[in-house]
Amino acid sequence: MSRALQPDEELVELDAEAVRTWCARALDALGREREEIDAINVYPVADGDTGTNLYLTAEAAREAVEAVFAASEPDTAEAVRAMAHGALLGARGNSGTILAQLLRGMAAVLAEGRDGDHLARALAEASAAARQAVAHPVEGTVLTVAAAAAAGCAGGGTLPEVAARAHDGARAALEATPGQLAVLGRAGVVDAGGRGLVAVLGALVETVGGRTPDPAGTAPGAVRVLGDVRAVPAAPPACDGEAGPAYEVIYLLEAEDAAVDLLRGRLDALGDSLVVVGGDGLWNVHVHVDDAGAAVEAGVQAGRPHRIRITHFAADAATAKPSEQTERAEQAGPSGPSGDGRGERARRAVVAVVPGEGLAGLCAEAGATTVRSRPGEPPADDDLLEAIRRAHAREVVLLPNDTELRRTAAAAAERARAEGIRVALIPTRAAVQGIAALAVHEPDRRFDEDVVAMTAAAGATRYAELAVAERRSFTSAGVCQAGDVLGLIEGDVAVIGKDLTETARTVLDRMLSAGGELVTLVVADDTPPGLAPDLEGHVRRGYLAVDTTTYHAGAGAPPLLIGVE
């Protein structure tokens, strides 16, 4: 599986098999050093997982390369692109996200050429791309080590020469990091992410030059700091009382470039350690924040987030100080701020806007307070505020379930917050997203964690709706006539048909072409009685791994709502 060079043998070009070997050796190197890298992880957060995150990112890269080899005989361009794409999809933590961008930057150049000169250019491009991806670059980190690697091999040369000079430059820069970043100097360690990058470059030297370079530091389990050798601490050192955001939020995001530019600004205002890597419609987003729900909501507004991972840094999360709004609500006493005398407020409630009596009953059974939305009669902010009050809880999760209701819901939420109620608005755009969010609601969880889980479930649900055209009009799918069946996907007309069932099948096929594990069908009373069984059978026959769940919306709902998770 991996290429074994003779002691004096060197590669002239980085071919696909060499890329494969580099992946395997980088993973082995990070596996050997994982615990030591975890132990020196003090920046940006002393959470002791940098080595593990780098290992998991490299593992995802290797799996992607192996998948390409299993399917065909790839060339260098295909192999390095697979390596970079796998790392992007599997990036973990701040360090893993930056490593993914470094590999992506290298792939763009190595796809054009495989010699030493191209490798030198690839390392320079990788360093620039990684620095650009970080909102506020800090010296003394993996970015500094990457820049030194690129500078060390500037001017090119043979493939082994370039790899060796890049490794030597990175290693020297790593040993200097404690003098550049105070938190490293106080802890007596080098940068953990930078040490991981040195290991990855060492695997490259071994792959193309047939020799194993000296490891970082001067002895196993040790690091050189300003000329002294200090043992690696057994656990992440404390950061002298320095405090930071409570949560690490990571997700993949399908979004356009313009939306990602706006997202960067929103997330930068919410927290720190912001890294956004990727391109061509797919991004990996990493940020440290106190409001994890807001970070995920920003992703939902920018595009479609996937694989959302939330990590709470504090070990005593259960004793975290409640928000100022929650304290005000608790101080209001048993009757609540409105003094309605109805007894002690519940801890948490969900308020959901729903079309149709059937969905209202379904959501009510799940514990939600519901607000009906009728055709041509959307609820006003007064209606939503009254529902929030009626829920009689200190914490409320609000699900508008309609794109047009976002501003109305935001206004109601602000008015409720002024009364001392803690309200989280999840920007659900359709009833099926609200159902997905409600399905994972757990009132016994911390409020932020519950909102994050519900937001993730809603964001992972693509939605569609079938409607009947009332008049001739122009749509994004062409001209429709009165009586035509319109299939709307994510709010845009995608299919125009004559038959409700046939149009529904077409819409389902288009949605499932992008993947999915669960289809939710919400049917109104006035749809043909065989519609739901027909669609269930269609999914069962054509998509063996996909489950289907059907709900009845009752009267006053669109003919059919579809959700795909």
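The values are calculated or read from the model by the stated rules, or taken from the named source; none is laboratory data. This is a predicted model, so every value here is computed, not measured. Methodologically, a virtual Cβ is constructed for each residue, glycine included, from the backbone with ideal geometry; neighbour enumeration extends over all protein chains shown. Each accessible area value is taken on the protein alone, full model and side chains, heavy atoms only, with ligands, DNA and RNA left out. Shrake-Rupley method; radii C 1.70, N 1.55, O 1.52, S 1.80 Å.
Restricted to the stretch 339-439, the set of helices (runs of 4 or more DSSP H) holding at least 1 residues that are touching a Gly at 6+ places or on another chain (Cβ under 9 Å) comprises 357-365, 381-391, 431-439.
Residues that are open to solvent by 10 Å² or more (accessible area, probe 1.4 Å) and in contact (Cβ under 8 Å) with a residue 12 or more places away in the chain were ranked within the stretch 523-537; the one that is nearest to residue 360 (Cα to Cα) is 525. The residues listed here are 70, 111, 79; of these, the one that is in contact with a Lys or Arg (Cβ under 9 Å, 6 or more places away or on another chain) and surrounded by fewer than 24 Cβ atoms within 10 Å (Cβ to Cβ) is 111.
Listed by first and then second residue, the pairs linking a residue in the stretch 403-423 that is under 13 Å from residue 387 (Cα atoms) and at pLDDT 85 or above to a residue that is assigned to a helix (DSSP H, G or I) and among the β-branched types (Val, Ile, Thr), with Cβ atoms under 8 Å apart and 6 or more places separating them unless they lie on different chains, are 412/388; 413/388; 416/388; 421/388; 423/388. I'd like to know if the stretch 467-480 contains one or more residues that are in contact (Cβ under 8 Å) with a residue 40 or more places away in the chain, under 19 Å from the mean Cα position of the chain (by Cα) and not in a loop (DSSP other than H, G, I, E, B). No, the conditions are met nowhere in the stretch 467-480. Filtering 134, 183, 198 for residues that are of a type outside the set (D, E, K, R), open to solvent by less than 40 Å² (accessible area, probe 1.4 Å) and within 20 Å of residue 26 (Cβ to Cβ) leaves a single hit, 198.
Of all residues in the stretch 395-421, those satisfying the criterion of being of a type outside the set (Gly, Ala, Ser) and surrounded by fewer than 24 Cβ atoms within 10 Å (Cβ to Cβ) are 402, 403, 404, 406, 407, 408, 414, 415, 417, 419. Here are some residues: 29, 87. Which one is small (Gly, Ala, Ser), open to solvent by less than 30 Å² (accessible area, probe 1.4 Å), part of a helix (DSSP H, G or I) and in contact with a Ser or Thr (Cβ under 6 Å, 6 or more places away or on another chain)? None of the others qualify; the one that does is 87. Restricting 294, 259, 269 to those that are at pLDDT 90 or above, more than 26 Å from residue 125 (Cβ to Cβ) and not in a strand (DSSP E or B) reduces the list to 269.
Condition check ((1) acidic (Asp, Glu); (2) open to solvent by less than 50 Å² (accessible area, probe 1.4 Å); (3) at negative phi) across all residues:
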site	(1), (2), (3)
262	no, no, yes
272	yes, no, yes
278	no, yes, no
293	no, yes, yes
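A single member of 545, 557 is of a type in the set (Gly, Ala, Ser) and touching a strand residue (DSSP E or B) at 6+ places or on another chain (Cβ under 9 Å), and it is 557.
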